[in-house]
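The values are calculated or read from the model by the stated rules, or taken from the named source; none is laboratory data. Since the structure is predicted, the reported quantities are computational estimates derived from the model, not experimental observations. Positions of Cβ are backbone-derived with ideal geometry, glycine not excepted, and every protein chain shown enters the neighbour counts.
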Amino acid sequence: MTSSGCPAPHAESVVPLSGPRFDTDPFQLYAEMRRDHGPVVAVELPGGIPAWLVIGYRELHQVTSDPELFPRNVALWNQWPNIPPDWPLLPMVGQPMPSIYFTAGAEHRRHVDMVEPALESVNPFELRSTCEELADRLIDGFCGRGTADLVSAFADPLPVLALARIMGFPDDEALELARTMKVMADSGAEAQTAYQQFAAAMARLVSIKQMRPGDDLVSTMLACPEPFTAEEYTLDLQAILAAGHLTTADWLVNSLRLMLTDDRFAAAFGGGRSSVGQAMNEALWEDTPTQILAGRWAAHDTRLADKTIHAGDLLLLGLGAANADPHVRQRFSDGSESVHLGNSAHFSFSHGEYRCPYPAQQIAEVIARTGIEVLLDRLPDVDLAVPQQNLVRRPSPFLRGMVSLPVRFTPVRPVGGTQ
């Protein structure tokens, strides 16, 4: 072991958690990891920081079902002495702070008891109406041209605009925040600066709503009888907006990519709405927006599969890899695999005490599904404008989205006026 208590495996047994294969061929890479290392893999994060990547479905279920042994308590991390203050992955991994995302035990449940009722107060029918209006407005911006990039013109702005309506801040601020969150999530050189900008924007929103409450999610949170500090509200809003926007945008575009490249979903283009739901569920299994989630930290020494985990070790949740675990996939005699129709036992929203709250899952589904349905209603002959193999993924082992999704279609008139 190293002096900090984290494992120091032989160099040849450690998998670098970076490189183009996470973008181009992650599932073959996960299969090779499983073959060579088993369901728990020693990995190295940028900067030489060691961690464990849990890629087995059963092992991931074990970790996420045991919040006492594997709490989401970043303060336990035995690598803090080796983490520079400008480490670009800090926004993804986190720091000890009083947030719903970075607290454990009773303190975590205190935040959940404030956040979940506020999320439940969002009316799904009103949200759908809002999303229809926003989707129409975005489509009006490009429908007369006959071509568009559905990432920048549609999938990226729709979730953040919908969440802005829920949370009570202006559309122009929402679009700027979307750009900030993408820089933050990509974990590049500007990630720390983007995080500070994002935090400052949420702090301003809390201050505004404290002075002028309204009929919105933030004001509902502020009305909670349990006392919370302005910092706690700010951090919880960061978690809600970042997780809600980034993953929903990728879920939307990954579902659209699947529908545009797989003939099984052709019915959706003729108004077969069940195909939309099937594509969205399959995208969560096969192309989940969050591939790797940080994380859990071992409360004490333990064993997981055939690996010895030391107190304070970071365990990264390999959600995408676990969904692809052959132990939970039915293989047929022709070599094909089941597509999990109607089965929602995937890990795309994580699992256990620290899972994505159920009302947040519902909000994400309403936004993504409404966006897809409106797009197909407006542009029924939409098709890829480039060969499928030319599509480019976001360069991140953590998040799986598209850099762009170029499409073509028959130009139509905007519903909000003429072009």
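Report yes if Ala162 is assigned to a helix (DSSP H, G or I) and either out of contact with any Leu (no Cβ under 7 Å at 6 or more places or on another chain) or of a type outside the set (D, E, K, R) (or both), otherwise no. Before the answer, list the steps.
Details: assigned to a helix (DSSP H, G or I): yes; either out of contact with any Leu (no Cβ under 7 Å at 6 or more places or on another chain) or of a type outside the set (D, E, K, R) (or both): yes.
Criteria met by Ala162.
Results for (1) at positive phi; (2) part of a helix (DSSP H, G or I); (3) at pLDDT below 95, shown as yes or no for each residue.
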site: Ser187; (1), (2), (3): yes, no, yes
site: Gln192; (1), (2), (3): no, yes, yes
site: Tyr195; (1), (2), (3): no, yes, yes
site: Val206; (1), (2), (3): no, yes, no
site: Tyr233; (1), (2), (3): no, yes, no
site: Ala242; (1), (2), (3): no, yes, yes
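For (1) farther than 29 Å from Pro395 by Cβ; (2) at pLDDT below 90; (3) over 26 Å from the mean Cα position of the chain (by Cα), each residue gets a yes or a no:
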{"site": "Ala268", "(1), (2), (3)": "yes, yes, no"}
{"site": "Arg303", "(1), (2), (3)": "yes, no, yes"}
{"site": "Ile309", "(1), (2), (3)": "yes, no, yes"}
{"site": "Asp325", "(1), (2), (3)": "no, no, no"}
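Among the residues of region 72-107, what is the count of those that are surrounded by 18 or more Cβ atoms within 10 Å (Cβ to Cβ), modelled with pLDDT of 90 or more and within 12 Å of Leu314 (Cβ to Cβ)? Of the residues in that region, 7 qualify. Any idea which residue in region 84-113 is nearest to Glu226 (Cα to Cα), counting only those that are among the acidic types (Asp, Glu) and outside any loop (DSSP other than H, G, I, E, B)? Taking the candidates together, the pick is Asp113.
Please go through region 383-403 and give me each residue that is assigned to a strand (DSSP E or B) and either out of contact with any Ser or Thr (no Cβ under 8 Å at 6 or more places or on another chain) or of a type in the set (Gly, Ala, Ser) (or both), ordered by number.
If we filter region 383-403 for residues that are assigned to a strand (DSSP E or B), which is where we start, we get 383-384, 393, 399, 402.
Result: Asp383, Met402.
For region 72-83, which residues satisfy the criterion of being assigned to a helix (DSSP H, G or I) and among the hydrophobic types (A, V, I, L, M, F, W, C)? Explain how you work it out, then say what you get.
So the first thing to find is which residues in region 72-83 are assigned to a helix (DSSP H, G or I), and the list is 74-76, 80-82.
Scanning region 72-83 gives Val74, Ala75, Leu76, Trp80.
Within region 31-46, the set of residues being of a type in the set (D, E, K, R) and in a helix (DSSP H, G or I) comprises Glu32, Arg34, Arg35, Asp36.
Can you work out which of the residues in region 403-419 that are within 27 Å of the chain's Cα centre (by Cα) and under 14 Å from Met259 (Cβ atoms) is surrounded by the most Cβ atoms within 10 Å (Cβ to Cβ)? Spell out how you get there, then give the answer.
Residues of region 403-419 within 27 Å of the chain's Cα centre (by Cα): 403-407.
This time we only want the ones that are under 14 Å from Met259 (Cβ atoms), so: 405, 407.
Values: Leu405: 25, Val407: 23.
In this case the residue turns out to be Leu405.
Within region 385-402, the residues that satisfy the criterion of being modelled with pLDDT under 95 and surrounded by 14 or more Cβ atoms within 10 Å (Cβ to Cβ) are Leu391, Arg393, Arg394, Pro395, Ser396, Pro397, Phe398, Leu399, Arg400, Gly401, Met402. The listed residues are Leu69, Leu53, and the only one of them that is part of a loop (DSSP other than H, G, I, E, B) and of a type in the set (A, V, I, L, M, F, W, C) turns out to be Leu69. Whenever a residue of region 11-32 is surrounded by 15 or more Cβ atoms within 10 Å (Cβ to Cβ), its partners that are basic (Lys, Arg), lying with C-beta atoms within less than 6 angstrom and at least six residues away or across chains, give the pairs Asp23/Arg393; Leu29/Arg21.
Ala298: modelled with pLDDT of 95 or more, within 29 Å of Gln79 (Cβ to Cβ) and in contact with a strand residue (DSSP E or B) (Cβ under 7 Å, 6 or more places away or on another chain), yes or no? So Ala298 fits the description; yes.
The residues of region 136-159 that are under 24 Å from the mean Cα position of the chain (by Cα) and assigned to a loop (DSSP other than H, G, I, E, B), listed by number, are Leu150, Asp156. Within region 31-53, at least one residue is closer than 18 Å to Ser350 by Cα, modelled with pLDDT of 90 or more and in contact with a helix residue (DSSP H, G or I) (Cβ under 7 Å, 6 or more places away or on another chain).
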